[in-house]
Amino acid sequence: MKLLIRSAKIIDNESPFNNKVMDILVEDGSIKEIAPQIKAKKVDRELSFENLHVSQGWFDSSVNFGEPGFEDRETLENGLRTAGKSGFTAVALNSGNDPVTDNKGAVSFLKNKAEGQPVALYPIGALTRKSEGTEMAELFDMQQAGAVAFGDYQRAVSNPNMLKLALQYTQNFDGLVLSFPQENKIAGNGQVNEHEMSTLLGLKGIPALAEELQITRDLYILEYTGGKLHIPTISTAKAVEIIRDAKEKGLDVTCGVAIHNLFFTDEILKEFDTNAKVLPPLRTKADVKALLQGIKDGTIDMVTTDHSPMDVEHKKVEFDNALYGTLGLESALGALLKITSLKTAVKMLTAGKSRFNIPENVIEEGAPANLTFFDPEVTYTFEKEHIWSTSRNSLFLGQELKGKVYGILSDSTFFASED
């Protein structure tokens, strides 16, 4: 199949065509030619959009779909289609399903179920059996089946020896260990950030200390064992500082931040919107400022939507009883472009691939055509009509966002956002 992409501004720091407006000819899944103007040839499809920008396909390092176990929240098929319409060509799926993804059979189920979908799915295997924290799961077997990392979603590794053993064991096959940053004995039954707002609203707080203490412990263990550690979602200023220091010491640690933790502060809790109940919790303006600085100086390696569909029965309840999580795929580009530059937004949406051993495809002749198409200038108010997920629990409803996704190109197929 031949596709001709007309007048696309290429946004790819690694590409020799970065920031240039070019035509791109794609043949049988590979970039055949890039030039200012490619003469009309016999092609199967010509793609042309207003103010078209093209980047490497985006990757989200932390998403959740309901299936298996919670199909009423989201199926794998619709979740992957939502990711594609949102501009993502690959996602890493967390292990928190029912049953938990803690063995090679569960990983194989997910991989097989995702065959033929427009977005590549990369399972994250559970670190411990049933994510209960007591016995290590079948890490090597899961990697052989296709798992790209190992972590118990939103569950801290409470036993330090478990983390030590996991970091040591995974070095035998270059595995990546994830550790959720929360010391539960400090967090207790907290619901939101422990600060002025939690006191004003009468909600139990989760201190920043709970995150920072856990990260400090994990990094001490990493320094002792070696191995590869990823902290999926950080939220405090001190956490950025601790990780920055660890990187300067040469520790093999990376971290991510959820887009909603960059976009919102705990002041939005005044509305008692349970979509604002997320984990880690929304923090203060000072924390958000530090997180954005961490992105600029390279301390934070990637952003994630931490996309978590939740059915109405678990969100339209009292705040204390609501489950954590918000949708994030559909609003990812629009939210990022409101708070960062175009260059930074694209970098953060593609930077996690190498850490999760996912192919990076620079936009150059001869490379695989794995691309995201978008216009970074369109502004709009995010409404329910922009949600493609089965669930509707988006914290971004009513927010002014910037940027429109046209679609993705993956495996020689263009998947449009408006189809």
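The GluC sites (Glu not before Pro) of the range 273-332 meeting both criteria, a DSSP state outside H, G, I, E and B (loop) and at most 10 other C-beta atoms within 10 angstrom of the site's C-beta, are GLU318. Per residue, the accessible area of the range 118-268 comes to 40 Å², computed with a 1.4 Å probe over protein heavy atoms only. Over the chain, DSSP H runs of length four or greater, each weighted -39,500 (n - 2.57), average out per residue to a 222 nm ellipticity of -7500 deg cm²/dmol.
Here the label points at ASN357 and LEU292, each 7 Å from Cα along the C-beta direction, are separated by 3.7 nm in the simple model. Placing one equal scatterer on every Cα of the chain and applying the Debye formula, the log10 ratio I(q)/I(0) at q = 0.07 Å⁻¹ is -0.31. Note on ASN172 and ARG45: the extension gain reaches 41.1 nm, defined as 0.36 nm multiplied by sequence separation minus the Cα-Cα distance. Per-residue extension of 0.36 nm, minus the Cα-Cα distance of LYS113 and PHE272, leaves a gain of 53.5 nm for this segment. The 3J(HN,Hα) values that the Karplus relation (6.51, -1.76, 1.60; θ = phi - 60°) gives for the range 34-51 are, in residue order, 10, 7, x, 8, 9, 4, 3, 10, 6, 10, 7, 7, 10, 10, 8, 9, 5, 6 Hz. Gly and Pro appear as x. Lys/Arg Cβ at +1, Asp/Glu Cβ at -1, dipole of the chain taken about the Cα centre: which of VAL107, ALA187, ASN51 is farthest positive-ward? Comparing the listed Cα positions along the dipole, ASN51 ranks first. Of the listed pairs LYS296/LYS353; LYS277/LYS347; LYS164/LYS185, which have alpha-carbon separations greater than 24 Å here? From the list (LYS296/LYS353; LYS277/LYS347; LYS164/LYS185), the Cα-Cα distance tops 24 Å for LYS277/LYS347. For the range 48-160, the carbon plus sulfur part of the accessible surface works out to 42%, probe radius 1.4 Å. Here the Karplus curve 6.51 cos²θ - 1.76 cosθ + 1.60, taken at θ = phi - 60°, turns the phi angles of the range 78-84 into couplings of 5, x, 5, 5, 4, 4, x Hz, with x standing for Gly and Pro. With the charge dipole of the range 1-160 set up from +1 on Lys and Arg Cβ and -1 on Asp and Glu Cβ about the Cα centre, the Cα lying farthest toward the positive end among the listed residues SER15, VAL157, LEU139 is that of SER15.
Residues whose amide H lies under 5 Å from that of SER62, counting only those 5 or more places away or on a different chain, are ALA92, THR305, ASP306; hydrogens are built 1.01 Å from N in the peptide plane. For the chain, DSSP calls about 50 percent of its internal beta bridges antiparallel. Spatially, the range 69-124 and the range 29-64 are offset by 25 Å when compared through their Cα centroids. Measuring between their Cα centroids, the range 355-413 and the range 205-260 lie 28 Å from each other. Label-to-label distance, TYR224 versus THR381, with points set 7 angstrom from Cα along the beta-carbon direction: 5.5 nm. Annotation for the range 343-419: trypsin sites (Lys or Arg not before Pro) lying in DSSP loop with at most 16 further Cβ atoms inside 10 Å of their Cβ are ARG392.
On the beta carbon distance between GLU33 and VAL312, with R0 = 60 Å, the FRET formula returns roughly 0.75.
Within the accessible surface of the range 310-362, defined with a 1.4 Å probe on protein heavy atoms only, the carbon and sulfur portion equals 50 percent. Counting only Cβ charges, +1 for Lys and Arg and -1 for Asp and Glu, the dipole size of the chain around its Cα centre is about 600 debye. Each residue, ASP320 and ILE339, gets one label point 7 Å from its Cα in the Cβ direction; the gap between the two is 3.0 nm. What the range 340-419 shows is 43 Å² of accessible area per residue, with the surface traced by a 1.4 Å probe over protein heavy atoms.
Of the accessible area of the range 211-286, with the probe set at 1.4 angstrom, what percent is carbon plus sulfur?
Carbon and sulfur: 51 percent of the exposed surface of the range 211-286.
Within the range 40-76, the GluC sites (Glu not before Pro) that combine a DSSP coil assignment with at most 12 other C-beta atoms in a 10 angstrom radius are GLU50.
The values are calculated or read from the model by the stated rules, or taken from the named source; none is laboratory data. This one's a predicted model, so the numbers in the text were calculated from it and none came from an experiment. We place every Cβ from the backbone using ideal geometry, glycine too, and count neighbours over all the protein chains shown. All accessible areas refer to the heavy atoms of the entire protein, side chains included, with ligands and DNA or RNA removed. Shrake-Rupley method; radii C 1.70, N 1.55, O 1.52, S 1.80 Å.
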